[in-house]
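The structure under discussion appears below in the form of structure tokens.
The values are calculated or read from the model by the stated rules, or taken from the named source; none is laboratory data. Since the structure is predicted, the reported quantities are computational estimates derived from the model, not experimental observations. When we count neighbours, we look across all protein chains shown, and the Cβ atoms used for this are built from the backbone with ideal geometry, even at glycine. The area values use the complete protein model at the heavy-atom level, side chains included, leaving out ligands, DNA and RNA. Shrake-Rupley method; radii C 1.70, N 1.55, O 1.52, S 1.80 Å.
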Amino acid sequence: MDNDGEIVPAEPTAVRSAGVGSIRPRDAERTKAAILKAARDEFCEQGFNGARVDAIAERAKANKRMLYHYYGNKEALYSAVLLDAYQEIRRGEQELSLSEFAPVDAMDRLVRFTFRHFLANPWFPRLLAVENLQNARFLKQIKDIPALHSPLVAEIRAIVQRGIASGVFRKDVDPMQLYISVASLGYFYVSNMKTLSVIFERDLGQFALIQEREAHAVRMVLDYLCTR
């Protein structure tokens, strides 16, 4: 590894000595998952530039040669963390089965899920902040990202169209803008919870205030969408 924390490609004999070829599939998946989580924690805490492969290996209790074998260099590992984060939230959205619910109920479910996802995974806003500091240069290179987001926008568009057809939603809704608003209502609260708690002298991490905020987010979105 060089001084910047990059993984130096191992010679074939070195890779073999690490036992890569003899690892069973289940153990390999467990190791890959441990490395990915360790990398996520390191990048969220230290940023991309501050993160070190040595620290990731130590967190994962894995050999650095294994990191190279499974993920390649630091950039590739960071990209894998980003992709996994987006895949996780998209999977959760798909499991909502929004098309099975009436338009108002579908949007209610989406707002609550998005808020709760940020709340349950406070690392996610931090990871997004890290990537924004990189001007999204890694996200731009992940070919799977557009395919992950297109179905979500299409589903929101379908919900809105159903709401318009039934006369409950306004007719000038942009699905992309709507989702940005939905995400923002959860993102800002979670990412700024500590500073907002100090400013307003209230612990915004209290369950009652979290419930209040979730209900407020739902009400804001539905008040915008609904014609009555």
Quick one: which residues, 5+ away or cross-chain, put their amide H under 5 Å from the amide H of Phe169? H built at 1.01 Å from N. Ile164, Thr227
If each part is reduced to its alpha-carbon centroid, the stretch 97-136 and the stretch 152-169 end up apart, in Å, by 19
Positive-pole candidate from Met107, Phe43, Ala208, dipole of the chain, charges at beta carbon: Met107
Give the Rg/Rh ratio for the stretch 34-150, taking Rg as the radius of gyration of the Cα atoms and Rh as the Kirkwood radius, to two decimals. 1.04
So for the pair Ser99, Lys61, with labels modelled 7 Å out along Cα→Cβ, what separation do we get in nm? 4.4
Out of the chymotrypsin sites (Phe, Trp or Tyr not before Pro) in the stretch 97-141, which ones are loop residues according to DSSP with at most 16 other C-beta atoms within 10 Å? Phe101
So if I place +1 on the C-beta of Lys and Arg and -1 on the C-beta of Asp and Glu, and nothing else carries charge, what would the dipole magnitude of the chain be about its Cα centre? I want it in debye, nearest 20. 320
DSSP H segments from the chain that extend 24 Å or more along their own axis, Cα-based, with Kyte-Doolittle mean of 0.0 or above: 103-120, 145-165, 207-225
Summing Lys, Arg as +1 and Asp, Glu as -1, what charge do residues with Cβ under 10 Å from the Cβ of Phe115 carry, Phe115 excluded? +2
All other residues with a Cβ under 13 Å from the Cβ of Leu127 taken together, and with Lys, Arg as +1 and Asp, Glu as -1, what is their net charge? -3
With Kirkwood's inverse mean 1/r over C-alpha pairs for Rh, give me the Rg to Rh ratio of the stretch 24-93, two decimals please. 0.97
Relative to a virtual label point 7 Å from the Cα of Gln134 in the Cα→beta-carbon direction, which members of the stretch 52-69 show backbone nitrogen distances below 16 Å? 52-54, 56
Taking only DSSP H segments of four or more residues, each worth -39500 (n - 2.57), what value at 222 nm results for the chain once the sum is divided by all its residues, to the nearest 500 deg cm²/dmol? -23500 deg cm²/dmol
With every protein chain present, what is the per residue accessible area of the chain (1.4 Å probe, Å²)? 56
GluC sites (Glu not before Pro) restricted to DSSP loop in the stretch 33-127 with at most 14 other C-beta within 10 Å: Glu95
Measure of exposure for Lys64: accessible area at 1.4 Å probe, Å² rounded to 10, is 80
In percent, how large is the relative contact order of the chain, given Cα pairs closer than 8 Å and 6 or more residues apart? 20
